[in-house]
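Peer 1: Can you read through this structure? Questions will come right after.
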Amino acid sequence: MMWASYFLFLAKVVTLVVAFTVVLLLVISARKAMPRSGTLKIRSLNEHYRSYRQNLQEWLLDDKALKLWWKQEKKRIKEEDEADRARVFVLNFEGDVQASAVARLREEITAVLEVARTDKDRVVLVLESPGGVVHGYGLAASQLKRLRQAGLRLEICVDKVAASGGYMMAALADQVLAAPFAVVGSIGVVAQLPNFNRLLRKHAVDIELHTAGAYKRTLTLLGENTEEGRQKFREELESTHALFKNWVQEARPGLDLEKVATGEHWYGQQALALGLIDAIATSDEHLRQAAQTADVLEVRFHQPQHLLERLSHSVSLVVSNTLERVLNSVRLVP
């Protein structure tokens, strides 16, 4: 029964992979036939807050008081428009396992660097991520480093979670702010995968694996794993962890890595005591305060998807969810 269930599951996986491949080929053809570029969408948070204020005042005040308030409000708006105020560029990163939001982030950072004034402007990144694959979050963190290298102040707000790969990004900020119960930290590396070799041998199924290079493949899903392979795999995890710790230490030299680089995570108040963050605040609070003295502009890069691409995304989600039950790749996760 177990053997039949296994092959039924394997057949489903193969079917999904084939379907995804077909859709992917169609998407590639569509991309070649219909080239396009994305666009930037800019939203003034000052105007957003102003509309809230105006709507509520119109409801709360009588005609006489409202007329007086409008006079004062127009004067204040005029003074703000005429002043050479600092600008705060707001970016958003909603991280998944693959750190796919980096495709937008890199474009948004490039755009900001084209116009930002290093002596007056700053960037606020609203970050939410539980972590994911090493190379994806390594690239995302490297994109943020471009801001620091250009001399721009970077502030990162965490409302819910910035763990593992997410914290790799957060560590680069000049200031990290987190909500009281936001999950922060998880400076560690984990990998796991099932091995079906004993099940296959029980049913007289042989698996051949041929490689060139002693460590081209350390652990396998179907073949027989060796203690040497396991040791090499553990060494690779430790090496990745060391790179992670070095990155964090360079970004926040005051941290006691012996305490915080254990793979554990902490809530906002605890993270503040450990030096993982610099202040307790929500992104809403931080941005509203910034709008009192600066022009706050939310920058989003938008690249429209064709129908085939949307279909491909749906299929890929199904494939990803199915394969994740079988195999977890090396990840930076909480």
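The values are calculated or read from the model by the stated rules, or taken from the named source; none is laboratory data. This structure is a prediction, so every number in the text was calculated from the model and none was measured. Virtual Cβ from ideal backbone geometry, glycine too; neighbours counted across all protein chains shown.
Peer 1: Go through (1) loosely packed, with under 15 Cβ neighbours inside 10 Å; (2) more than 15 Å from Ala171 (Cβ to Cβ) one by one and return the number of the condition Ala291 breaks.
Peer 2: Of everything listed in (1) loosely packed, with under 15 Cβ neighbours inside 10 Å; (2) more than 15 Å from Ala171 (Cβ to Cβ), Ala291 misses just condition (1).
Peer 1: Mind listing just one residue for me: the one in region 54-91 that is in contact (Cβ under 8 Å) with a residue 60 or more places away in the chain and among the basic types (Lys, Arg) and, of those, farthest from Thr110 (Cα to Cα)?
Peer 2: Only one residue tops the list, namely Arg85.
Peer 1: Name every residue in region 95-140 that is without any contact (Cβ under 8 Å) to a residue 12 or more places away in the chain and within 19 Å of Ser283 (Cα to Cα), in order of residue number.
Peer 2: The answer is none; no residue qualifies.
Peer 1: How many residues does region 105-126 contain that are modelled with pLDDT of 95 or more and polar (S, T, N, Q)?
Peer 2: 1
Peer 1: Taking region 70-92 only, how many residues are under 17 Å from Ser51 (Cβ atoms) and of a type in the set (Phe, Trp, Tyr)?
Peer 2: 1
Peer 1: Another question, then. Looking only at region 110-143, which residues are under 14 Å from the mean Cα position of the chain (by Cα) and under 13 Å from Val90 (Cα atoms)?
Peer 2: Leu125, Val126, Leu127
Rundown of residues vs (1) touching a Leu at 6+ places or on another chain (Cβ under 9 Å); (2) not charged (D, E, K, R), yes/no style:
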| residue | (1), (2) |
| --- | --- |
| Arg43 | yes, no |
| Tyr52 | no, yes |
| Gln57 | yes, yes |
| Leu61 | yes, yes |
| Ala65 | no, yes |
| Leu68 | yes, yes |
| Lys78 | no, no |
| Glu82 | no, no |
